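**Student:** Structure below; questions to follow.
The values are calculated or read from the model by the stated rules, or taken from the named source; none is laboratory data. Predicted model, so just to flag it, every value in this text is computed and none were measured. A quick note on method: Cβ atoms are made from the backbone with ideal geometry, for glycine too, and the neighbour counts reach across all protein chains shown.
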Amino acid sequence: MIIGFKRTQIKPATVLRYLAFIMEIVISKVCCSSVINVSSAANLTKKRKKILIIYVNIIPYNKIMTKTILIYDNQRSEWDSVQSIKTNLLASYNLLENVQYEEYSITIDTTSHELYCIYERIVKSNPDKVVFVDGVPHPSVIIPLFKSENFKDKFEIIFHIYGDFTIKLSEWANIESVLKDFNCKFLCASPKQVDLIKKFIIDSDENVELCPFAIDSNTYFHSEDLRKNTRHQLSIQDDEIVFCYTGRLSYQKNIHSLINYFYQVYRVFRLKCKFYIIGEFDDLGAPFIGKHFPNSYYFNKIFDVYKDLPEIFREKLIFTGKLSSGELNKFYNASDLFVSFSVHNDEDFGMSPLEALATGTPCIITDWGGYSAFRSEYCKTITTKIEIDSIKIDFSLAAKETLKVLHSKFPRKEVSDYYQSKMTQKSTTEYLKNMKTPTRFKGFSEIMHTTNSSFKANPGSPLSDSKICMNAYSDLYKRLYSSYES
C-alpha cells in the first residue's frame with residue numbers, strides 16, 4: 001500500500017485525522033474484497049472542501065502475479081486436432097491476467113541431459129504451477145525428477161487430459177508415487193471424460209475438473225459471403241442440400257456406416273443433395289478389442305462399399321482428401337449439415353463438430369463421449385449402446401433427426417453465435433481462471449490398476465473377452481466406457 005499527500009496548509013493533526021479516516025475505509029474494504037476505489041477516496045476529501053489528496057494503491061490478493069511453467073511439444077503434431085487444441089490452449093493461457101509464464105518444449109527427441117537441464121531451471125524458478133499442455137511425450141519423461149524435497153515450495157501440477165489416457169495407464173502408474181507429493185489437477189475436455197477419468201483416481205472430486213478445448217474464432221467463423229462464393233465455386237445449386245464429414249477416414253470414425261447413412265437418406269427421402277467426405281484414410285482399428293488392420297485395409301474396404309453403390313449416388317458422394325483449415329472453413333460454411341457417427345474410445349471431445357457449429361452448420365452426431373457436450377437444438381445426438389461386439393447406433397433416429405434439422409432452417413448466424421459464445425479461447429480462459437484449487441493427489445484407483453494389468457497381460461486385445469466371441473467387449477470395457485454411451 002502506498003499513501004501520499006500533496007503539500008498543504010492543513011495542520012498535521014488534521015492530516016492525521018484524514019489519514020485515520022481513509023485507513024478505516026481501506027481496512028473495511030480489504031476485509032471485504034481486498035480493494036479500494038481510489039477515485040471515491042478523492043471524492044471524500046472534496047466533500048469536506050479540503051485540498052488534501054490521498055493516493056491509496058492496494059494490490060488485491062487475486063491480482064498477485066503468479067508464476068506458471070507451460071510444458072509442451074513445440075513441434076507440429078501429426079494429428080491435426082491435437083495441433084489445433086495445443087495452439088488454442090496456449091492462446092487461452094496467454095489471455096490470463098497477472099501470470100508470469102516460462103515455457104519449455106519437450107519432444108520425443110529431447111535427451112536425458114536436456115530434460116535434467118529443464119528440471120534444474122524449474123527448480124530455480126520456484127513456480128506456483130507446472131502445466132502439461134499436451135501428452136506427447138508423456139509427462140512421465142520428466143515427472144520422476146519432481147521429488148518434493150528438491151523444491152522450496154511445492155507447486156501445483158496441472159495435466160490437460162487427451163483421449164489416449166487409457167492407452168497410457170502404464171506411464172501414469174510409473175509416476176503415481178511422485179504425484180502423491182503434489183497437489184494435482186486433471187483437466188478434462190468434456191463432462192463424460194470427467195466421469196471416465198474420475199474412475200481412475202482415488203477421491204477424485206477435487207483432482208478432476210472440466211476444461212473444454214476451444215476453437216480459434218478467427219479460423220472458424222460464419223460468413224454468408226463465404227458460403228455463397230464457395231457454393232458457386234463448387235457448382236452447388238441454391239436448392240441443393242450439402243452434407244459433410246471432416247476428420248480421419250478410419251474404422252474408428254465409422255465411415256462405412258456414414259456412407260450407408262448418406263445413401264439411405266438419399267434413397268428414402270429423395271433429397272437433392274451432395275455429400276462431401278473430407279480427410280485422409282488410416283488403418284487404425286479397434287486395438288482395445290483386438291481389431292488390427294494391415295496397410296490399406298480400410299481404404300480397400302471403403303472402395304468396395306463405394307463400388308457397390310448405384311452410379312447416380314456415387315456422383316453425389318465426393319472425397320476431397322485432406323484440406324487446410326482455411327479450406328475447411330469454406331466447406332463448413334457451404335454445408336447444410338455436418339454428420340459424424342464416431343464411437344471411438346478416444347472420442348474425448350470432438351474438434352470437427354465444434355468447428356462446423358462455429359461456422360453455423362447444424363450437426364447430427366452420436367451421443368458418445370465428448371460429442372455429447374455439443375447437444376442442443378442445433379446439434380442432435382443419436383443414441384448409442386455398448387453391445388457384445390459392437391456399439392449400436394440408432395440410425396432410424398438419425399434419419400428422423402436429419403429431417404427435423406433440415407426443416408428447421410436455423411439461422412446460421414444464430415447457430416454460430418451460440419457456440420462461439422461457449423467454446424472459444426476466451427471461454428477456456430474463463431475455465432482456467434475459475435479452476436478450483438487442487439488438493440493432494442491420493443493415488444490411482446483399483447480399477448485403474450486392474451485395467452493397467454489387463455493391458456500388460458494382453459497388449460494386443462486388453463479389453464476384449466474371447467470367452468464370449470472374438471472381438472467382444474469385456475465387462476471391464478463396459479465398466480469404464482459406460483460413461484461414454486447414452
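**Student:** Within segment 187-205, work out how many residues are among the basic types (K, R) and part of a helix (DSSP H, G or I).
**Tutor:** Residues meeting the conditions: 2.
**Student:** Of the residues that sit in segment 172-197 and are surrounded by fewer than 18 Cβ atoms within 10 Å (Cβ to Cβ) and not aliphatic (A, V, I, L, M), which one is modelled with the lowest pLDDT?
**Tutor:** It comes out as D181.
**Student:** Residue by residue through segment 454-473, note down the ones that are touching a Leu at 6+ places or on another chain (Cβ under 9 Å) and without any contact (Cβ under 8 Å) to a residue 60 or more places away in the chain.
**Tutor:** Residues satisfying the conditions are S454, D465.
**Student:** A further question on this structure: Take A373 and decide whether it is aliphatic (A, V, I, L, M), more than 26 Å from V130 (Cα to Cα), in contact with a His (Cβ under 8 Å, 6 or more places away or on another chain) and assigned by TED's automatic domain parsing to the domain that holds L271.
**Tutor:** When the stated conditions are applied, A373 does not pass them.
**Student:** Sticking with this structure for a sec: Which condition does E485 not pass, out of (1) touching a residue at least 60 places away in the same chain (Cβ under 8 Å); (2) out of contact with any Lys or Arg (no Cβ under 9 Å at 6 or more places or on another chain); (3) surrounded by 19 or more Cβ atoms within 10 Å (Cβ to Cβ), if it passes all the others?
**Tutor:** Exception for E485: condition (2).
**Student:** Further, regarding this structure: Working only within segment 441-470, note down all residues that are in a helix (DSSP H, G or I) and under 22 Å from F186 (Cβ atoms).
**Tutor:** E446, I447, M448, H449, T450, T451, N452, S453, S454, F455 - these are the residues of segment 441-470 that are in a helix (DSSP H, G or I) and under 22 Å from F186 (Cβ atoms).
**Student:** Read through the list (1) surrounded by 14 or more Cβ atoms within 10 Å (Cβ to Cβ); (2) in a helix (DSSP H, G or I); (3) in contact (Cβ under 8 Å) with a residue 24 or more places away in the chain, then give the number of the only condition that M435 fails.
**Tutor:** (2)
**Student:** Suppose we filter K199, K147, K168 for residues that are over 29 Å from D367 (Cα atoms) and among the charged types (D, E, K, R); which single one remains?
**Tutor:** K147
**Student:** Something else: Could you say which residue among Y104, Y93, Y116 is over 26 Å from S217 (Cα atoms), in contact (Cβ under 8 Å) with a residue 24 or more places away in the chain and buried (at least 18 other Cβ atoms within 10 Å of the Cβ)?
**Tutor:** Y104
**Student:** Okay, moving on. Is segment 292-304 home to any residue that is in contact (Cβ under 8 Å) with a residue 24 or more places away in the chain, surrounded by fewer than 17 Cβ atoms within 10 Å (Cβ to Cβ), within 28 Å of the chain's Cα centre (by Cα) and closer than 30 Å to F455 by Cα?
**Tutor:** Taking every residue of segment 292-304 in turn, at least one turns out to be in contact (Cβ under 8 Å) with a residue 24 or more places away in the chain, surrounded by fewer than 17 Cβ atoms within 10 Å (Cβ to Cβ), within 28 Å of the chain's Cα centre (by Cα) and closer than 30 Å to F455 by Cα.
**Student:** A further question on this structure: Is at least one residue of segment 206-229 under 27 Å from Y93 (Cα atoms), in a helix (DSSP H, G or I) and out of contact with any Asp or Glu (no Cβ under 7 Å at 6 or more places or on another chain)?
**Tutor:** yes
**Student:** For segment 376-419, what are the residues that are under 21 Å from I215 (Cα atoms) and crowded, with 18+ Cβ neighbours inside 10 Å?
**Tutor:** Y378, C379, K380, T381, R412, V415, S416, Y418, Y419
**Student:** Related question: Please identify the pairs in which a residue from segment 201-225 that is within 17 Å of M351 (Cβ to Cβ) has its Cβ atom under 9 Å from the Cβ atom of a residue that is among the basic types (K, R) and surrounded by fewer than 18 Cβ atoms within 10 Å (Cβ to Cβ), counting only partners at least 6 apart or on another chain.
**Tutor:** Filtered contacts from segment 201-225: P212/K422; A214/K426; S217/K426.
**Student:** Now for a different question. Can you tell me which of K467, K426 is more than 19 Å from K199 (Cβ to Cβ), of a type in the set (D, E, K, R) and surrounded by 14 or more Cβ atoms within 10 Å (Cβ to Cβ)?
**Tutor:** Of the residues listed, the single one that is more than 19 Å from K199 (Cβ to Cβ), of a type in the set (D, E, K, R) and surrounded by 14 or more Cβ atoms within 10 Å (Cβ to Cβ) is K426.
**Student:** Scan segment 269-282 and give yes if some residue there is in the same structural domain as L406 (by TED's automatic domain parsing), more than 30 Å from A457 (Cβ to Cβ) and without any contact (Cβ under 8 Å) to a residue 24 or more places away in the chain, otherwise no.
**Tutor:** Looking through segment 269-282, at least one residue is in the same structural domain as L406 (by TED's automatic domain parsing), more than 30 Å from A457 (Cβ to Cβ) and without any contact (Cβ under 8 Å) to a residue 24 or more places away in the chain.
**Student:** Give segment 270-282 a look and list any residue that's under 25 Å from the mean Cα position of the chain (by Cα) and not small (G, A, S), or say none.
**Tutor:** I277, I278, E280, F281, D282
**Student:** Which of the residues spanning segment 135-171 are in contact with a Ser or Thr (Cβ under 6 Å, 6 or more places away or on another chain) and at pLDDT below 95?
**Tutor:** Result: K154, single match.
**Student:** Sticking with this structure for a sec: Specify which of the listed residues (S352, S427) is modelled with pLDDT of 95 or more, polar (S, T, N, Q) and out of contact with any Phe, Trp or Tyr (no Cβ under 8 Å at 6 or more places or on another chain).
**Tutor:** Criteria check complete, one pass: S427.
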